[in-house]
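Below: the structure, in structure tokens.
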Amino acid sequence: MKLSIALAATFAAGASAFAPSTGRPAATSSNAAASSATALSAEGRQPIMAGNWKMNPATEDDALKLATDFSKLLGEEACAVSDFEGCTEVILFPPFPFISKVKDAVDEAGITVGAQGIFFEDKGAYTGSVAASMVKSVGCEYILCGHSERRALMGDDDVNINKKVKKVLESGMKPILCIGETKEEFDLDITKDICAMQLSKDLFGVTKEQMADVVIAYEPVWAIGTGLVCGANEANKMHRFIREKLAGMYDEEVAKATRIQYGGSVTPESVDALMSMPEIDGCLVGGASLEAVKFARICNFES
Ligand code: PGA
């Protein structure tokens, strides 16, 4: 979908073929793609691609170069959700210190920025923490909640994740709620139980109306940063299960309307198969989002 020939050729030739001043996909192919592509999934959900930079890159200069290279490559292919006319919503999650400048660098290209996390309190003596109002004031629209690295390494539990999801929504921003099973849980064949439990705990008290602003990311923990991608069919089955669970918690309307991303070692090589699945609406990308050419190819997936 929406892969311009120019960009495909650039990707095939590798990053060195990309000249920043001319790297934007040819206007004709880009425009044709935007107008002719059936970007709507079966249920009319806008595709949503997100790059989670995690604790990368090392400096502000590196972050700005990555953001600028990426936005030039992506060109007219991205748009905000409110401008949806067959294009893909693209979000970058830089580390906190880089958010403002990255936003300035990518705004014109229609790319949205978000924060990798917030604390659920509004203000006060919480050294090292960042409030929802702070990231909102620098232009963040999305917040990652419940990422497995925060669950495993920073002690984020479902009670806190739920508070954060609700704080994000109350603040007028949108959470991307990450759920998924560990390798151990996968081996025990309790993947569905784990995801169902995370959904009900993390969305506790979130209303049907608020669900319009919630994105779910299904990220099997064993696939994150490991190079092991969950097979497209398997991921699709889990996404369908998540929709069934949402239908039980809310109703069919919410289940059909909620966008669900897949995350875990997504690459230019695996994205097309994933995105051709009816229940997969986008990807949450870590490692590959640190390379402009790779992430642009992912955002310009073909399906
Ligand atoms: P990965 O990370 O693409 O490097 O596996 C995904 C994520 O953590 O969201």
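The values are calculated or read from the model by the stated rules, or taken from the named source; none is laboratory data. In this text the structure is predicted, and so the values were computed from the model without any measurement. Glycine also receives a Cβ, built like all others from the backbone with ideal geometry; neighbour counts cover every protein chain displayed.
The figures follow:
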item	result
Unmet criterion (only one of (1) within 16 Å of the ligand (Cβ to nearest atom); (2) in a loop (DSSP other than H, G, I, E, B); (3) under 20 Å from V221 (Cα atoms)) for Q261	(2)
Total residues in segment 171-198, condition more than 17 Å from H239 (Cβ to Cβ), in a helix (DSSP H, G or I) and within 16 Å of the ligand (Cβ to nearest atom)	1
Filtered residue count, segment 264-276, keeping only those that are among the β-branched types (V, I, T), more than 10 Å from the ligand (Cβ to nearest atom) and surrounded by fewer than 22 Cβ atoms within 10 Å (Cβ to Cβ)	0
Residues (of a type in the set (S, T, N, Q) and either away from the ligand (no atom under 15 Å from the Cβ) or assigned to a loop (DSSP other than H, G, I, E, B) (or both)) located in segment 145-165	N160, N162
Condition broken by V168, with the remaining ones in (1) away from the ligand (no atom under 14 Å from the Cβ); (2) under 22 Å from I224 (Cα atoms); (3) in contact with a helix residue (DSSP H, G or I) (Cβ under 7 Å, 6 or more places away or on another chain) satisfied	(2)
Per-region count, segment 45-70, residues in a loop (DSSP other than H, G, I, E, B) and surrounded by 15 or more Cβ atoms within 10 Å (Cβ to Cβ)	7
Number of the condition not met by V135 [criteria: (1) crowded, with 24+ Cβ neighbours inside 10 Å; (2) under 16 Å from V215 (Cβ atoms)]	(2)
Residue among E219, E279, E209, E291 that alone is near the ligand (Cβ under 10 Å from one of its atoms), modelled with pLDDT of 95 or more and either charged (D, E, K, R) or over 17 Å from the mean Cα position of the chain (by Cα) (or both)	E219
Qualifying residue in segment 240-257 (condition: within 12 Å of the ligand (Cβ to nearest atom), in a loop (DSSP other than H, G, I, E, B), surrounded by fewer than 17 Cβ atoms within 10 Å (Cβ to Cβ) and not aromatic (F, W, Y))	no
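So that you can scan it fast, the table gives a plain yes or no per residue for (1) crowded, with 20+ Cβ neighbours inside 10 Å; (2) of a type in the set (D, E, K, R); (3) at pLDDT below 55:
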{"site": "K2", "(1), (2), (3)": "yes, yes, yes"}
{"site": "G14", "(1), (2), (3)": "no, no, yes"}
{"site": "L73", "(1), (2), (3)": "yes, no, no"}
{"site": "C79", "(1), (2), (3)": "yes, no, no"}
